[in-house]
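Everything below concerns the one structure shown next.
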Amino acid sequence: MLGISACLGGIFCRYDGKTQKITELAQLVVENKAILVCPEVMGGLNTPRDPAEIIGGDGFDVWNGTAQVLTCRKVDVTAAYKAGAIAAYQKLKAAGVTHLILKERSPSCGSSQIYDGTFSGNKQSGVGVATAYFINKGLKIYSENNYHRLLAKE
């Protein structure tokens, strides 16, 4: 069983109310080979919602208490991001998920790149809040950019 970011599986849960559906990944859900999670929604955030970025580092820094997640209106949503990561992990663990395909550049799910916290569209190396939590729990992470490597192993 795989875990997939809900937006990649066709759920309209992105901050802007849209989806980033990849048909091949959505089909895995239909075939009961994958489950969907959206840590942001699972943490209690609405859809749509104000864009948010990690300020002061990446997801690991959020868990270490040296960075936070703020919306473009400077509302601190760090607690919701952390709660969503924990809730998503519990769902994934219960389903026996060990590998995930997550949405790159997301403040929750980014696996190698996130936005730099300036709301300017600039990117930096780093991981999202949920991704950091999942990595610390031993899950293997892929993104929409490299998931074919994972599926080739299946």
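In the structure shown, do any of Lys82/Lys103; Lys93/Lys140; Lys21/Lys137; Lys91/Lys140 have a Cα-Cα gap over 20 Å, and if so which?
Among Lys82/Lys103; Lys93/Lys140; Lys21/Lys137; Lys91/Lys140, the Cα-Cα distance tops 20 Å for Lys21/Lys137.
Residues of region 39-67 with backbone nitrogen within less than 16 Å of a virtual label 7 Å along the Cα-to-Cβ line of Ile86, please, listed as ranges.
Those under the cut-off are 39-45, 62-65.
I'd like the projected area of region 2-153, averaged over all directions, using the convex hull of its alpha carbons. Report it in nm² with one decimal. List each step's numbers first, then the result.
Details: hull surface 32.0 nm².
Over every viewing direction, the Cα hull of region 2-153 projects on average to 8.0 nm².
How big is the C-alpha Rg of region 64-125 next to the rule-of-thumb value 2.2 N^0.38 Å, as a ratio? Working shown, then result.
Details: Rg = 13.2 Å, N = 62, 2.2 N^0.38 = 10.6 Å.
Ratio of Cα Rg to 2.2 N^0.38 Å: 1.25.
As a test, work out the antiparallel percent of DSSP beta bridges whose residues both lie in the chain, rounded to the nearest 5.
Within the chain, antiparallel bridges account for around 40 percent of the total.
Arrange the following residues from fewest to most other Cβ atoms within 10 Å of their Cβ: Ile4, Ile35.
On the way: Ile4 29, Ile35 21.
In order of increasing Cβ crowding within 10 Å: Ile35, Ile4.
For region 19-154, with only Lys/Arg (+1) and Asp/Glu (-1) charged at the beta-carbon, what is the dipole magnitude about the Cα centre, in debye rounded to 20?
Details: 15 positive and 12 negative charges, 52 e Å.
Approximately 260 debye in magnitude.
Residue farthest toward the positive end of the dipole of the chain, with Cβ of Lys/Arg at +1 and Asp/Glu at -1: which of His148, Cys109, Gly128?
Farthest along the dipole direction, towards plus: His148.
Given a 10 angstrom Cα cut-off, can you work out which residue in Ala26, Ala132, Ala94 is the most mobile in a GNM of the chain?
Of the options given, Ala94 has the highest mean-square fluctuation.
Give me Arg73, Arg105 sorted ascending by neighbouring Cβ count inside 10 Å, so fewest comes first. Don't jump to the answer; show the numbers that get you there.
Working: Arg73 8, Arg105 19.
Least crowded to most crowded, the residues run Arg73, Arg105.
Which whole-number percent gives the relative contact order of region 2-153, counting Cα pairs below 8 Å spaced six or more residues apart? Provide the component values of the computation, followed by the final result.
Numbers: 339 pairs, mean separation 34.3, N = 152.
Worked out over region 2-153, it gives 23 percent.
If r is the Cβ-Cβ distance from Asn122 to Ala152 and R0 is 25 Å, what FRET efficiency results, to the nearest 0.05?
Values: r = 33 Å, r/R0 = 1.30.
Approximately 0.15, to the nearest 0.05.
Computed from the coordinates by the stated procedures, all read-outs in this text should not be read as laboratory data. All of these numbers come straight from a predicted model, not from anything done at the bench. Reconstructed Cβ throughout: ideal geometry from the backbone, glycine too, with neighbour counts over all protein chains shown.
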